[in-house]
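Mind having a look at this structure? Questions to follow.
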Amino acid sequence: MKQTLGEKLFDACNTIMLILVCLVMLYPVLFVFGRSVMTDLDRAAHPFAIWPTAWDISGYKYVFSSGSYIVNAYAITILRTIAGTFCNMLFTAALAFVLSNRDYPLRGAFTMLIAFTMWFGGGLIPMFLLVKSLGLYNHFAVLILPGLISAWNMLILRNFFMQIPQGVIESAKMDGASELVIFLRIILPLSTAALATISLFYAVGHWNSWFDAMIYVNDRDLWPVQVFLREIIHNTNLNDMIRSDAVVEVNPPAQSVIMATIVVTTLPILCVYPFLQRYFVKGITVGSIKG
């Protein structure tokens with residue numbers, strides 16, 4: 001179909017605008033990476049440059065040096081993200097399936113109680129006391145259990161499950177399928193878009209989370225990498241980031257370590273996100289229109 005002059009101008013303006021938006025979003029990423037491999041002389045001489053004239057990877061060597069707390073923190077973050085996302089999705093999907101069942105008599109009451117928690121909470125001090133009384137303080141499980149189910153994510157998933165035709169579920173019941181079989185073999189395979197979207201929400205939340213570890217974990221061996229990134233930014237004493245029995249071969253500038261830590265912290269999520277992006281719009285749109 002032939003475009004009019006106005007349509008061509010509109011497309012050209014949209015293209016230019018999107019290119020500018022991409023550049024605005026891409027510049028900070030390139031800036032942080034460039035600063036992480038620059039020398040101190042480069043950073044002082046070119047404060048806004050995104051590409052180094054001389055490469056210096058001492059910051060990365062320090063971050064991944066043997067005995068570094070950051071290496072252990074990186075492992076804790078990866079383990080937390082994988083285990084936490086799996087547990088989140090298991091319990092969120094199970095609860096959403098129950099509350100999407102129109103024959104369940106308490107469906108409305110429980111949905112309202114869960115939605116109530118989105119606006120009202122006990123606060124930080126009661127939560128801290130609860131964590132202490134349950135024996136979760138300074139325990140890896142405290143990074144997962146307190147936020148096991150997100151009310152918002154559960155409601156989105158519930159609404160998505162309710163869009164599945166009832167005829168499919170009724171046919172399975174007539175064939176003798178139990179609720180567990182229906183959930184595993186019918187509901188979950190038909191909800192790939194929603195499951196991928198909610199999984200992305202949970203995974204990004206776990207990867208970026210630092211406040212709960214800062215409050216509930218006092219043992220450095222259980223700190224995720226985001227807590228160490230905060231410590232590095234607020235405390236330039238790099239010796240605090242290395243174990244006392246470690247042998248450190250490099251002594252880089254603090255700025256190199258900060259930027260290198262930011263890069264290794266954000267890179268995994270940047271790599272995972274494009275593979276789940278195609279499910280994102282569909283999962284949110286379908287799961288939030290009806291209910």
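Within segment 37-57, which residues are within 16 Å of residue 261 (Cα to Cα) and in contact with a Ser or Thr (Cβ under 6 Å, 6 or more places away or on another chain)?
Selection gives 56 alone.
On to the next question. Out of all the residues in segment 23-33, is one or more over 25 Å from the mean Cα position of the chain (by Cα) and not polar (S, T, N, Q)?
no
Sort out which residues of segment 162-181 are hydrophobic (A, V, I, L, M, F, W, C), under 24 Å from residue 90 (Cα atoms) and part of a helix (DSSP H, G or I), and write them in order of number.
162, 168, 169, 172, 180, 181
Taking only segment 181-195 into account, find how many residues are buried (at least 17 other Cβ atoms within 10 Å of the Cβ) and hydroxyl-bearing (Ser, Thr, Tyr).
Residues meeting the conditions: 1.
Still on this structure, please answer the following. Search segment 196-218 for residues that are open to solvent by 40 Å² or more (accessible area, probe 1.4 Å) and pair each with any residue that is part of a helix (DSSP H, G or I) and of a type outside the set (A, V, I, L, M, F, W, C) when their beta-carbon atoms are under 6 Å apart and the residues are at least 6 apart or on different chains.
201/153; 210/226; 210/230
Sticking with this one: Look through 129, 157 and report the one residue that is open to solvent by less than 20 Å² (accessible area, probe 1.4 Å) and in a helix (DSSP H, G or I).
Going through 129, 157 in turn, just one is open to solvent by less than 20 Å² (accessible area, probe 1.4 Å) and in a helix (DSSP H, G or I): 157.
Within segment 136-154, track down each residue that is outside any loop (DSSP other than H, G, I, E, B) and in contact with a Ser or Thr (Cβ under 9 Å, 6 or more places away or on another chain).
143, 147, 151, 153, 154 - these are the residues of segment 136-154 that are outside any loop (DSSP other than H, G, I, E, B) and in contact with a Ser or Thr (Cβ under 9 Å, 6 or more places away or on another chain).
Is there any pair with a first residue in segment 141-163 that is within 14 Å of residue 202 (Cβ to Cβ) and touching a residue at least 12 places away in the same chain (Cβ under 8 Å) and a second that is open to solvent by 40 Å² or more (accessible area, probe 1.4 Å) and polar (S, T, N, Q) whose Cβ atoms are under 8 Å apart and which are 6 or more apart or on different chains, and what are they?
151/117; 156/288
I would also like to ask the following. Do you know which residues across segment 89-124 are open to solvent by 80 Å² or more (accessible area, probe 1.4 Å) and either within 23 Å of residue 178 (Cα to Cα) or more than 25 Å from the chain's Cα centre (by Cα) (or both)? Lay out the reasoning, then the answer.
Here is the first cut: in segment 89-124, the residues open to solvent by 80 Å² or more (accessible area, probe 1.4 Å) are 90-91, 102-103, 105-106, 110, 112-113, 116-117, 119-120, 124.
Across segment 89-124, the qualifying residues are 90, 91, 102, 103, 105, 106, 110, 112, 113.
Next up: Which of the residues spanning segment 94-109 are at pLDDT 90 or above and in contact with a Leu (Cβ under 6 Å, 6 or more places away or on another chain)?
Within segment 94-109, just 96 meets the criteria.
Only one of 69, 60 is open to solvent by less than 60 Å² (accessible area, probe 1.4 Å), in contact with a strand residue (DSSP E or B) (Cβ under 8 Å, 6 or more places away or on another chain) and more than 30 Å from residue 183 (Cα to Cα). Can you tell me which?
Just one listed residue meets the conditions, 69.
Being at pLDDT 80 or above and open to solvent by 70 Å² or more (accessible area, probe 1.4 Å) is the filter here; which residues of segment 243-269 pass it?
Passing the criteria: only 267.
The values are calculated or read from the model by the stated rules, or taken from the named source; none is laboratory data. Please read these numbers as outputs of a predicted model, since none were measured by experiment. In this analysis, Cβ positions are derived from the backbone assuming ideal geometry, glycine residues included, and neighbour counts consider all displayed protein chains. Note: accessible area is taken over every heavy atom of the protein model, side chains too, but ligands, DNA and RNA are not part of it. Shrake-Rupley method; radii C 1.70, N 1.55, O 1.52, S 1.80 Å.
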